[in-house]
Amino acid sequence: MVKSKTETIQAISDNVAVGEKTVMLTLFKTIFHLLFLVHFLWASVYGVSIFLNLTEDQLKEPQIVMMKTYLSCYGTNWNASFQTMFLGLALLHDMLRWLDKHDSKLGRRIKYFRDVIFNGLVFPFTCFVTGMFWCVYLIDRELVFPQVYDQIVPWWLNHCVHTNIFIVIAIETLLTRRRQPTDVKVERCLWVFVSIFYAVVYYSVYFFGGCWLYGVFGIMTWWQVCLYQTGIWCSTWVFYNLNFIVNKMIHKEGDVTPKPSISGDLESRETKFQNASRSEGAVETGSSKIRKDVELNSTKDKSGMANAAYLNDNDTENDKKWKSIGVSKNDASLSQSLDKSTGTNFKRNQFEKSSL
């Protein structure tokens, strides 16, 4: 049955409101990702220029020489590189969204790597770096950031790599819905690899270079160092899982029902709406074709091969259900024929199963 004129107008108004909200959210995300990407790139360039222009007096300080020698071995710099990669992929995906190419094969790939890097690397290690640094700094700054570093590292650069990194994940968590892991195996493999590989690099500096990158390890015995290292691994693992718990608390809406595509990806409601809009007027008639598609989708759902990543409704606009604006004459006649066909088949089945 064709909807009334009032319902049609209301549906159009709702869709326009959702569209305006989508544009504003995408604009805010784009500005946010762009500003912080430039921010981290500028901090990186400035930091490298500092160590390329050290004076002879500054090079007399052993701690400054050690910092210059092992600059690439600090966990702070590793985490900053993770954030830069994430922001670059996020901004690229925003650009594809503006070009309406975010649902392409390239767009889905970029979105996948963006979310995997955020879940497996950015969130857990950012929480650890920010928490560990400022807790030890408040107790005794000489154990993590000696005062001699103030000669070459300005205060704002220190906050760039130890404070602003947490602001990035806080805003990203508020804007983007990640209630479930994108790819559990890949994210955990990334976490394990970085955790173990960084420990190998860190302790290699001590055994082969004869110095600790952070003074807090220098006041510990070896069994305390082992306990502290175990605490590092456990805390980053907790932070990894905490990402999804916090996201569920913020984004309390129910999960969406995914639709598997040919490549195994799952499409969001927005994607299905756009595909339906693009193919408007090309509706295929015939109940056999529709029943075949339903059986195919049912088989795919039962196979369990869908990637859990796309259960995440990564954009707030997808939480809104699109309302149909109207039903064409072809759609109305098709639905009536399907109703008659379904009713006939139901009566026939009931008659065959009856005791008569």
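The values are calculated or read from the model by the stated rules, or taken from the named source; none is laboratory data. Quantities reported herein were computed from a predicted structural model and do not represent experimental measurements. Neighbour counts run over all protein chains shown; Cβ positions are idealised from the backbone, glycine included.
Summary table
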{"quantity": "Verdict on Arg114 being surrounded by 15 or more Cβ atoms within 10 Å (Cβ to Cβ), of a type in the set (Lys, Arg) and over 15 Å from the mean Cα position of the chain (by Cα)", "calculated": "no"}
{"quantity": "Residue match in the stretch 60-83 (condition: in the same structural domain as Ile169 (by TED's automatic domain parsing), more than 30 Å from Phe217 (Cβ to Cβ) and without any contact (Cβ under 8 Å) to a residue 12 or more places away in the chain)", "calculated": "no"}
{"quantity": "Of residues in the stretch 213-241 being surrounded by 12 or more Cβ atoms within 10 Å (Cβ to Cβ) and aromatic (Phe, Trp, Tyr), the one nearest to the chain's Cα centre (by Cα)", "calculated": "Tyr240"}
{"quantity": "Condition met for Thr257 (modelled with pLDDT under 90, in a helix (DSSP H, G or I), touching a Lys or Arg at 6+ places or on another chain (Cβ under 9 Å) and under 27 Å from Asp94 (Cβ atoms))", "calculated": "no"}
{"quantity": "Sole exception among (1) modelled with pLDDT under 95; (2) within 25 Å of Lys68 (Cα to Cα) for Val194, by number", "calculated": "(1)"}
{"quantity": "Phe244 within 18 Å of the chain's Cα centre (by Cα), modelled with pLDDT of 95 or more, assigned by TED's automatic domain parsing to the domain that holds Arg188 and not small (Gly, Ala, Ser)", "calculated": "no"}
{"quantity": "Some residue of the stretch 202-224 being of a type in the set (Phe, Trp, Tyr), under 21 Å from Leu71 (Cβ atoms) and either part of a loop (DSSP other than H, G, I, E, B) or not assigned by TED's automatic domain parsing to the domain that holds Tyr112 (or both)", "calculated": "yes"}
{"quantity": "Criterion: at pLDDT below 90 and under 30 Å from Val153 (Cα atoms) - qualifying residue of Asp14, Asp57", "calculated": "Asp57"}
{"quantity": "Candidates Asp103, Asp57, Asp115 - the one that is free of Cβ contacts under 8 Å to residues at least 12 places away in the same chain and either under 22 Å from Arg141 (Cβ atoms) or of a type in the set (Asp, Glu) (or both)", "calculated": "Asp57"}
{"quantity": "All positions within the stretch 190-206 that are closer than 17 Å to Asn77 by Cβ, of a type in the set (A, V, I, L, M, F, W, C), out of contact with any Cys (no Cβ under 8 Å at 6 or more places or on another chain) and touching a residue at least 24 places away in the same chain (Cβ under 8 Å)", "calculated": "Val194, Ala199"}
{"quantity": "Failed item, numbered, when Leu96 is tested on (1) more than 22 Å from Ile165 (Cβ to Cβ); (2) crowded, with 19+ Cβ neighbours inside 10 Å; (3) touching a helix residue (DSSP H, G or I) at 6+ places or on another chain (Cβ under 8 Å)", "calculated": "(2)"}
{"quantity": "Any hit, the stretch 51-67, residues being under 17 Å from Cys160 (Cβ atoms), touching a Leu at 6+ places or on another chain (Cβ under 8 Å) and in a helix (DSSP H, G or I)", "calculated": "yes"}
{"quantity": "Evaluation of Gly209 against (1) surrounded by fewer than 15 Cβ atoms within 10 Å (Cβ to Cβ); (2) without any contact (Cβ under 8 Å) to a residue 40 or more places away in the chain (one fails), failing number", "calculated": "(2)"}
{"quantity": "Residues of the stretch 141-153 that turn out to be exposed (fewer than 13 other Cβ atoms within 10 Å of the Cβ) and either within 13 Å of Gly215 (Cα to Cα) or within 31 Å of the chain's Cα centre (by Cα) (or both), as a count", "calculated": "1"}
